[in-house]
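All remarks here apply to the structure that follows.
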Amino acid sequence: MCLLTSQQRSGPNSTVGQFLRLDPFPITIEKLTTASNVEEFIKGTLRQNGLTRYVNRIGSFFASNYRQIVNRNWNIIKELEKLKIADSKSDERKVADNLANDFDGFGPKQARNFLQALGLTKYEIPIDSRITTWLNDFGFPVALTSSPLGDKGYYHFVSDGIQELCEKADVYPCLLDAAIFSSFDNGEWKEENTVF
């Protein structure tokens, strides 16, 4: 999901959105463990489902990340499990930064998308142009742009500002993110297309 949604439309009616809701989902651990070439399996699966943008890069990143997870004996699960019981901004940031550093094709936003999709974050949110546009319109004290969000230091700076704003408003950043996301969706997301 994170690799597919990073640089292409992923709304509910997009090819990416439709692919991510397939049931049964065509990429399973059983298929990955039996695939003779994980990268080619991923590329073929994406193409068969109408996804053609960045397929070579996504296939390569996916295969590399999968190998890393397997070679590390799925230790990532232990890190993710810690977030289930943690209520800590610093723990969330540490895990997100580790994901961004360790996974090919992941940056700060994709790492937080990953954690958010698993329901493991309250404080660290995926920041993109929607968020920076909303913050600028809201009157954030510094004019923001989305282009440098791939830089960890800039991402942390914007995230710290969001977290401080949310703390003063007594709301978790994940709820602000949901409200901003909803304000930009033009009614596309409905209950029937949000269930994964």
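The values are calculated or read from the model by the stated rules, or taken from the named source; none is laboratory data. Owing to the predicted nature of the structure, the values given are computational and were not obtained by experimental measurement. Heads up, the Cβs are rebuilt from the backbone with ideal geometry, glycines too, and the neighbour counts pull from every protein chain shown.
Couple of notes before you dig in:
- Residues in the stretch 98-129 that are over 21 Å from Thr145 (Cβ atoms) and outside any loop (DSSP other than H, G, I, E, B): Asn98, Leu99, Asn101, Asp102, Phe114, Leu115, Gln116, Ala117.
- The stretch 61-95, residues that are in contact (Cβ under 8 Å) with a residue 40 or more places away in the chain and in contact with a helix residue (DSSP H, G or I) (Cβ under 6 Å, 6 or more places away or on another chain): Phe61, Phe62
- Flag for Arg9 being charged (D, E, K, R), loosely packed, with under 15 Cβ neighbours inside 10 Å, out of contact with any strand residue (DSSP E or B) (no Cβ under 7 Å at 6 or more places or on another chain) and under 19 Å from Gln110 (Cβ atoms): yes
- Looking only at residues of the stretch 130-156 that are under 20 Å from the mean Cα position of the chain (by Cα), loosely packed, with under 14 Cβ neighbours inside 10 Å and part of a loop (DSSP other than H, G, I, E, B), we find that the one that is modelled with the lowest pLDDT is Thr145.
- Extreme residue, surrounded by the most Cβ atoms within 10 Å (Cβ to Cβ), among residues of the stretch 94-117 that are among the charged types (D, E, K, R) and under 8 Å from the mean Cα position of the chain (by Cα): Arg112
- Unique residue being basic (Lys, Arg) and within 18 Å of the chain's Cα centre (by Cα) when the list is Arg72, Arg47, Arg21: Arg21
- Condition check for Ser159 on (1) closer than 13 Å to Cys174 by Cβ; (2) at pLDDT below 95: one failure, at (2).
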